[in-house]
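Here is the structure we will look at, set down as structure tokens.
The values are calculated or read from the model by the stated rules, or taken from the named source; none is laboratory data. The shown structure was predicted, so the numbers you read here are calculated from the model rather than taken from an experiment. Note that each Cβ is placed from the backbone with ideal geometry, even for glycine, and that neighbours are counted across all protein chains shown. Only protein heavy atoms, including side chains, enter the accessible area calculation; ligands, DNA and RNA are left aside. Shrake-Rupley method; radii C 1.70, N 1.55, O 1.52, S 1.80 Å.
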Amino acid sequence: MSNTAIAKAQKPKFSVAIQTEGYKKLINNTLQDPKRAQRFVAAISSAVAVNPALQECDAGTILSCALLGESLNLSPSPQLGQYYLVPFKDNKNNRMVATFILGYKGYIQLAIRSGQYKNIDVLEIKKGELNSYNPFTGEIDINIIQDELVRETAETVGYYAYLKYLNGFEKSFYWSKDKMEQHALRYSKGYAAKKGYTHWEKNFDAMALKTMIRQLISKWGFMSIEMREAYERDTAMIDADGTVEYVDGAEIGEVVAEVNPQPPDDTPTESASEPPKGDDADSDDAEQVSMDEL
């Protein structure tokens, strides 16, 4: 039997590991509510049980990322799209780990909770909707297609993000799909190589919307304590002892990537057209891992 097979045979299932005294103490100390802790254990155990890729991950990293999501009152449900537990290969320590990946809907949820925003949104712009855009003021003139079914099937030509504070301050900006394409090619080596597994290839619009909302909030948005924590932990692998490492070029996607001990720094700060830290790219050495839903 190979060393890998032996390690797998010896590794306890997550449903067993989460019931150990050390993990139970960590959960109870973090959540401070026995009923909430019980619901959390049931929910995360069920989520891991139906995801073979997560079952291969270090239990401590699954638990730590899930506790972060729970502390932020965000749901890991793929249908809600607030945050994701994504398996990655930690080549340095020869193991699979779970990483915390914040979805664009999670960013919006945290922004709304801050109580500072009158409106915040991001959307695709379809062919024929854009009349004009002023990059200096952020003013945009669009004609939204009123028929929802027609709009859903129309070609996407760009992306628009907008926020307005309760005090009246507002900011918006637009990227064409061509510009977003160049961003993806620059920061996603897997996408540039057309490897077929990256989420840029599988769901370009979802990746583009996350890029837009990260740009908007990180440069012009109010960031609550919750928002800052979520932003700083986006793409992070968190060990049970609290150690944080950042996945090199993590994305919401079906990939396994090498963990880099340093946070990715893709962000030239001089221009709003450049992506923020750790923005949506993927590792050149990434390998595919099967996940049912994102």
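Values as computed for the structure displayed
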quantity	calculated
Residues located in segment 143-162, provided they are in contact with a strand residue (DSSP E or B) (Cβ under 7 Å, 6 or more places away or on another chain), open to solvent by 50 Å² or more (accessible area, probe 1.4 Å) and either modelled with pLDDT under 95 or charged (D, E, K, R) (or both)	GLU155
Failed item in (1) part of a strand (DSSP E or B); (2) charged (D, E, K, R); (3) within 28 Å of ASN73 (Cα to Cα), with ASP141 passing the rest	(3)
Residue pairs meeting the criteria (Cβ under 9 Å; at least 6 apart or on separate chains; first touching a residue at least 40 places away in the same chain (Cβ under 8 Å) and on the phi < 0 side of the Ramachandran plot, in segment 143-158; second of a type outside the set (Val, Ile, Thr) and open to solvent by 100 Å² or more (accessible area, probe 1.4 Å))	THR156/LYS127
Exclusive hit being over 25 Å from ILE142 (Cα atoms), under 20 Å from the mean Cα position of the chain (by Cα), surrounded by 14 or more Cβ atoms within 10 Å (Cβ to Cβ) and basic (Lys, Arg), set LYS210, LYS202, LYS195	LYS202
Segments classed as strands (runs of 3 or more DSSP E), wholly inside segment 150-248, with at least 3 members that are over 30 Å from LYS24 (Cβ atoms)	156-165, 170-176
Condition check for LEU110: open to solvent by less than 10 Å² (accessible area, probe 1.4 Å) and either at pLDDT 90 or above or touching a strand residue (DSSP E or B) at 6+ places or on another chain (Cβ under 9 Å) (or both)	yes
Verdict on ASN94 being at positive phi, of a type outside the set (Val, Ile, Thr), open to solvent by 30 Å² or more (accessible area, probe 1.4 Å) and without any contact (Cβ under 8 Å) to a residue 60 or more places away in the chain	yes
Whichever residue in segment 39-69 is touching a residue at least 40 places away in the same chain (Cβ under 8 Å) and of a type in the set (D, E, K, R) and, among such residues, is least open to solvent (accessible area, probe 1.4 Å)	ASP58
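Residue-wise test of (1) assigned to a loop (DSSP other than H, G, I, E, B); (2) more than 21 Å from TYR159 (Cα to Cα).
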site	(1), (2)
THR61	no, yes
LEU74	yes, yes
PRO87	no, yes
THR99	no, yes
TYR107	no, no
GLY128	yes, no
